[in-house]
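Asks: Structure provided below as structure tokens; questions to follow.
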Amino acid sequence: KTFRFYLEHAPGTMFRLGVAFPDQPNYPLHHPQFHVNENAIITGVVTMAYSAYKYWFHR
């Protein structure tokens, strides 16, 4: 919500990574039964690495 204030001082980007399970109940972030679909972490790492690569080598 406040990330836009950082962008007033430096270039940047923000990612939102969905970590829900498609076949079971999902709970909000601070709920005691919240669980992360760890397969999504791979997608997040690849997306962030590719974005950094594109930024630094293809500006």
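Where a number appears in this text, it was derived from the coordinates with a stated rule and is not lab data. All values derive from a computational prediction rather than experimental measurement.
Asks: Just want to confirm a number: the relative contact order over the chain, from Cα pairs under 8 angstrom separated by 6+ residues, in percent. Present the calculation step by step, with values, prior to reporting the outcome.
Replies: Numbers: 21 pairs, mean separation 14.3, N = 59.
Value for the chain: 24 percent.
Asks: Right, next: How large is ³J(HN,Hα), in whole Hz, for each residue of the range 24-41 in order, when computed from phi with the Karplus curve 6.51 cos²θ - 1.76 cosθ + 1.60 and θ = phi - 60°, using x for Gly and Pro?
Replies: Whole-Hz 3J(HN,Hα) from phi for the range 24-41: 8, x, 10, 10, x, 3, 9, 6, x, 9, 5, 9, 9, 6, 5, 4, 5, 4.
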